[in-house]
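Written below as structure tokens is the structure these notes are about.
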Amino acid sequence: MRVALFATCLGDTLFPDAVKATALLLSRLGQEVVFPPEQTCCGQMHVNTGYQREALPLVDNHAACFADESIDAVIVPSGSCAGSIRHQHHIVAERFGTPALRDQVERSRAKTYELAEFLVDVLGVVDVGATFPHRVTYHPTCHSLRMLRVGDKPLQLLRAVREIDLVELPEADQCCGFGGTFALKNADTSTAMLSDKLRNVAGTEAEFCTAGDSSCLMHIGGGLSRLQTGIGTLHLAEILASTEHAISPKQGALA
Amino acid sequence: MSGTFLGMPAAPPRGSGNLRGAESFPAAARTELANTQMRRNVGKATRTIRDKRVQVTGELPDWEQLRSAGAAIKRDVLSRLPELLEQFEQAVIARGGQVHWARDAAEANAIVTRLVKDTGADEALKVKSMATQEIGLNEHLATEGITAIETDLAELIVQLGEDRPSHILVPAIHRNRSEIREIFLRSMPGVDPDLDDDPTHLADAARRFLRERFVRARVAISGANFGVAETGTLSVVESEGNGRMCLTMPQTLITVMGLEKLIPTYADLEVFLQLLPRSSTGERMNPYTSMWTGVAPHDGPSEFHLVLLDNGRTATLADEVGREALHCIRCSACLNVCPVYERTGGHAYGSTYPGPIGAVLTPQLAGMDTGGSDPNSSLPYASSLCGACFDACPVKIDIPSLLVELRHQHVEEAHFSAEQLMMKAASAAMSTSGRWTAAQRAAQLGRLLGRGGRIRTLPPPGNAWTSARDLPVPPKQTFRQWWDSSEGRAAIDDAHREGGRR
Ligand code: SF4
């Protein structure tokens, strides 16, 4: 399959290792990976903060990049961005866009997948051939869980990883308190939510907390780092891309 | 049918009463977050109810179909509300009830006060009603020399404590039993001074206090969970039986009902009487379901008045997206699963309606547009959009999408702000890849702020982040730079080869 990678603005700029891992993993699984260079951002931050009008050029640019017939699927290493594309782009397009844009948005959203979803549902693989000899706990992220309904697909993938010591995260489905601009507008409440998540993560005695979304990991990782816990965060793709030859990574972005 | 309501004035009135707090959500939340006792009490209670709810909804094989049925009935009601209200009014009158229409809180309060005064009573029993809380009825009656007595135990605790409710269903959720004992000792007339904090003893004290009042009461004021258009039947669902006493013992019964509480037929109750108790208390069935239709000689109250309350509901109905909030049956399931409510409690929302549903319903009923400083305009942002409320809602209200919609409406009406400037700038920078890569280069300057790979302090507004969290420094190379590099290309080729070998 010819699969296009949507790096997301955050992945491209702050967490390139997660996107690299996604590209390498998909290539290793025999996919032809392309990176449409015109891509920027899905506009999630704008839509979720109420700036739908300002999101329009971003939705427009995104749909123009990925609607192309030569692309079979668009892979997003982020549950919330995949959710935004699938469940919010059409709202913006209907409100402010042209019929042509609405049509493009429809085509792009229909073939957009979050990484774990694509691996399990489309490629039908659970064992991606990874090896990762570390203790890991998994945070399911709200948008993957409830907007995309990825269910336990990421866990199926993790369980198939060799030498991994996968430990269950208590109260895993509780929000980490990120919520995009929520973390800034309601910083106190966000911090209260984060501290419970950190307590649960630390309680697992894991070396890494993983998830399918760099933004949630930025939040959790930022908290783990501030508290000097010594626990790192790693995107799910980085674990799945690790092999016995090339163990990811530099011990997590913020450990 | 009185023309005042269904004439649909060009701009329907916004609601008034207890639908607006004194400060914005972030400011009020800050105070509540520091309240250790409240957080322990609310956290413990919501966790318990949450687990029970999951258990009892899980045991129904048709739970999802029930939810869909509930949503469909509510959608139908809202799409033909004027017609159903007319049918309802006629049915109530035909069975001996009297119907009064109230546009807003002031009108509703005036009507109820006049009705109570007509009976000559200076005391009225209350059975838990959110509508009367919304309009501030108790306070209004007090100014008119009429004492309202809450008969729901939790409401009574709140009333005696001169407190505000903090939960739709468990208004005293923020109190524990030793606090309740103190409130009783302080404010309950005739209480035994040796009262301890054993729950049975506390309940006994409340029972003695209430019983006296039940016996002498001539008027009761109730809310309604449902009004059946077809028959004019009203219904209250409760668990203590005190409500039933109010509904049957006095001579005069006054029910205040929000317009949206209507359901078309008696048979529709079947759906909601399953959805409501399981979602709210996590019980299979609530202990007391009372239904009454008009008046009947020698059975129950001899006079029945129904006050139909608009108070911003028509204005909400006019919003095609936002009107979904009127589906709400006030079960409180969304509160019990909300991580924001769990930590900030009900008072931070400033309205009779707290939690996720309050965050959408309150600004719609009462508006959020009195300049930039309206506390209601902070409510749609009081959510991380985690979606737990949508999953829990028995009538499938898509609260996260409603929040996003209200944020959009707020931004569209907002005055000039620094945030707008930043959002516009970000939009411009991200709308083409040329500008975006330039912005990425600028972001890489952030490396200068970092020590050991992390950024620990940022200037405002970024300091809201770094107050509790570090930020990684931007890496030297963006993904797209790597992708375009020979190193990147070689790595991808290697990966293909390795995959081919397996
Ligand atoms: S919004 Fe839904 S879950 Fe929340 S109180 Fe209303 S009916 Fe219950």
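Suppose we filter segment A:174-183 for residues that are more than 21 Å from B:Arg407 (Cα to Cα) and either more than 8 Å from chain B (Cβ to nearest Cβ) or of a type in the set (A, V, I, L, M) (or both); how many remain? Full working, then the answer.
Initially, segment A:174-183 is screened for residues more than 21 Å from B:Arg407 (Cα to Cα), giving A:174, A:176.
With the extra rule that they be either more than 8 Å from chain B (Cβ to nearest Cβ) or of a type in the set (A, V, I, L, M) (or both), the set shrinks to A:176.
Of the residues in segment A:174-183, 1 are more than 21 Å from B:Arg407 (Cα to Cα) and either more than 8 Å from chain B (Cβ to nearest Cβ) or of a type in the set (A, V, I, L, M) (or both).
Listed by position, the strands (runs of 3 or more DSSP E) enclosed by segment A:66-147 that each have at least 1 residues that are closer than 18 Å to A:Cys41 by Cα are A:73-76, A:112-114. Scanning segment B:52-75 for residues that are within 24 Å of B:Ile263 (Cα to Cα), within 21 Å of the chain's Cα centre (by Cα) and hydrophobic (A, V, I, L, M, F, W, C) yields B:Ala71, B:Ala72, B:Ile73. Residues in segment A:219-241 that are surrounded by fewer than 24 Cβ atoms within 10 Å (Cβ to Cβ) and out of contact with any Lys or Arg (no Cβ under 8 Å at 6 or more places or on another chain): A:Leu227, A:Gln228, A:Thr229, A:Gly230, A:Gly232. Residues that are within 14 Å of chain A (Cβ to nearest Cβ), within 7 Å of the ligand (Cβ to nearest atom) and in contact with a Leu (Cβ under 6 Å, 6 or more places away or on another chain) within segment B:325-350 are absent altogether.
One residue stands out in segment A:184-219 among those that are at the interface with chain B (Cβ under 9 Å from one of its Cβ atoms) and within 19 Å of the chain's Cα centre (by Cα): the one that is farthest from B:Asn35 (Cα to Cα), namely A:Met218. Taken together, the residues in segment B:363-378 that are within 11 Å of another protein chain (Cβ to nearest Cβ) and free of Cβ contacts under 8 Å to residues at least 12 places away in the same chain amount to 0.
Modelled with pLDDT of 95 or more and buried (at least 23 other Cβ atoms within 10 Å of the Cβ), is that true of A:Val136?
no
Taking A:Gly252 as the residue in question, decide whether it is within 16 Å of the chain's Cα centre (by Cα) and modelled with pLDDT under 95. Taking the combined requirement at face value, the residue satisfies it. Pairing each residue of segment B:274-292 that is surrounded by 16 or more Cβ atoms within 10 Å (Cβ to Cβ) with any residue that is part of a loop (DSSP other than H, G, I, E, B) and of a type in the set (D, E, K, R), provided the two are 6+ apart or on different chains, yields C-beta distances under 6 Å for B:Pro277/B:Glu283. Among the residues making up segment B:421-431, a single one is surrounded by fewer than 17 Cβ atoms within 10 Å (Cβ to Cβ) and within 7 Å of chain A (Cβ to nearest Cβ): B:Lys424. Total residues in segment B:387-401 satisfying the condition of being facing another protein chain (nearest Cβ under 7 Å) and farther than 18 Å from A:Gly179 by Cα: the figure is 0.
Filtered by the rule that a residue be within 11 Å of another protein chain (Cβ to nearest Cβ) and either more than 15 Å from A:Thr141 (Cβ to Cβ) or more than 19 Å from the chain's Cα centre (by Cα) (or both), segment A:233-243 gives A:Ala241, A:Thr243. Within segment A:27-54, the set of residues being more than 7 Å from every other protein chain (Cβ to nearest Cβ), under 30 Å from B:Cys386 (Cα atoms) and over 18 Å from the mean Cα position of the chain (by Cα) comprises just one member, A:Arg53. For B:Val321, indicate whether it is within 14 Å of another protein chain (Cβ to nearest Cβ) and either within 16 Å of the ligand (Cβ to nearest atom) or not aromatic (Phe, Trp, Tyr) (or both). So B:Val321 fits the description; yes.
Out of B:Tyr353, B:Tyr381, report the one residue that is within 15 Å of the ligand (Cβ to nearest atom), touching a residue at least 40 places away in the same chain (Cβ under 8 Å) and hydroxyl-bearing (Ser, Thr, Tyr). Even if it seems obvious, please write down each step before you answer.
Values: B:Tyr381 fails: within 15 Å of the ligand (Cβ to nearest atom).
It is B:Tyr353.
Note on segment B:470-491: residues that are in a helix (DSSP H, G or I) and surrounded by fewer than 19 Cβ atoms within 10 Å (Cβ to Cβ) amount to 7.
Suppose we keep only residues that are outside any loop (DSSP other than H, G, I, E, B) and out of contact with any helix residue (DSSP H, G or I) (no Cβ under 6 Å at 6 or more places or on another chain) within segment A:225-238. Which one would you say is farthest from A:Arg199 (Cα to Cα)?
Top of the filtered list is A:Leu234.
So, in segment B:455-470, how many residues would count as being of a type outside the set (Lys, Arg) and within 7 Å of another protein chain (Cβ to nearest Cβ)? Summing the residues that are of a type outside the set (Lys, Arg) and within 7 Å of another protein chain (Cβ to nearest Cβ) in segment B:455-470 gives 6. Summed over segment B:25-39, the residues that are surrounded by fewer than 19 Cβ atoms within 10 Å (Cβ to Cβ) and either free of Cβ contacts under 8 Å to residues at least 24 places away in the same chain or in contact with a Gly (Cβ under 8 Å, 6 or more places away or on another chain) (or both) give a count of 6.
Answer with yes or no whether B:Ala315 is more than 14 Å from every other protein chain (Cβ to nearest Cβ), part of a helix (DSSP H, G or I) and more than 16 Å from the ligand (Cβ to nearest atom). Answer is yes for this residue. Flag: B:Val99 matches the condition of being of a type in the set (Val, Ile, Thr) and at pLDDT 95 or above. Scanning segment A:192-203 finds no residues that are buried (at least 18 other Cβ atoms within 10 Å of the Cβ) and hydroxyl-bearing (Ser, Thr, Tyr).
For B:Pro375, the conditions (1) within 20 Å of A:Ala183 (Cα to Cα); (2) away from the ligand (no atom under 13 Å from the Cβ); (3) surrounded by 24 or more Cβ atoms within 10 Å (Cβ to Cβ) are fulfilled apart from (3).
Which residue, of B:Val404, B:Val411, B:Val360, is without any contact (Cβ under 8 Å) to a residue 60 or more places away in the chain, within 23 Å of B:His174 (Cα to Cα) and either at the interface with chain A (Cβ under 9 Å from one of its Cβ atoms) or within 16 Å of the ligand (Cβ to nearest atom) (or both)? Before you say what the answer is, go through the steps one by one.
Numbers: B:Val404 fails: within 23 Å of B:His174 (Cα to Cα); B:Val411 fails: within 23 Å of B:His174 (Cα to Cα).
Only one candidate qualifies: B:Val360.
In segment B:441-454, the residue that is surrounded by the fewest Cβ atoms within 10 Å (Cβ to Cβ) out of those that are outside any helix (DSSP H, G or I) and within 8 Å of another protein chain (Cβ to nearest Cβ) is B:Gly453. Of the listed requirements (1) within 25 Å of the chain's Cα centre (by Cα); (2) modelled with pLDDT under 95; (3) farther than 30 Å from B:Asp62 by Cα, B:Glu238 misses just one: (3). Please verify whether segment B:255-262 includes one or more residues that are away from every other protein chain (no Cβ under 14 Å), more than 15 Å from the ligand (Cβ to nearest atom) and surrounded by fewer than 20 Cβ atoms within 10 Å (Cβ to Cβ). No, because not a single residue in segment B:255-262 is away from every other protein chain (no Cβ under 14 Å), more than 15 Å from the ligand (Cβ to nearest atom) and surrounded by fewer than 20 Cβ atoms within 10 Å (Cβ to Cβ).
The values are calculated or read from the model by the stated rules, or taken from the named source; none is laboratory data. Please read all numbers here as calculations on a predicted model, not as lab measurements. Cβ: placed from backbone, ideal geometry, glycine included. Neighbour counts: every protein chain shown.
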